[in-house]
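Single-structure report; data block below.
Every number in this text was worked out from the coordinates using simple rules, so none of it is lab data. The structure displayed is predicted, hence computed values, not measured ones. Note that we place each Cβ from the backbone using ideal geometry, even for glycine, and neighbour counts take in every protein chain shown.
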Amino acid sequence: MNDDPMRAMIRDEILKAMQEARPAQYTRADLEHMSPEQIAHARRAGHFDDLMFGRN
């Protein structure tokens, strides 16, 4: 593995940008206050990705 500090800095910036580009993630508590239509729209938009894939 390469220990180049510039490479590490670039990697960290790319990962940060990818995280910021994701839609806000909703929780189980958010579900309680949403209609079925709102839930379906949020799911399609990716707001439940962490919840659905066990990351939340």
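Points to keep in mind about this one:
- Taking the charge dipole of the chain about its Cα centre, with +1 at Lys and Arg Cβ atoms and -1 at Asp and Glu Cβ atoms, the residue from Pro36, Pro5, Tyr26 reaching farthest to the positive side is Pro36.
- Residue-by-residue Karplus 3J(HN,Hα) for the range 24-40, coefficients 6.51, -1.76, 1.60, Hz, glycine and proline x: 4, 9, 8, 10, 4, 4, 5, 4, 4, 10, 10, 7, x, 5, 5, 5, 4
- Cα pair distances of the chain binned at 5 Å [whole percent]: 4, 18, 20, 16, 11, 9, 9, 6, 4, 3
- Student exercise, the chain dipole from Lys, Arg, Asp, Glu Cβ charges, in Debye to nearest 20: 140
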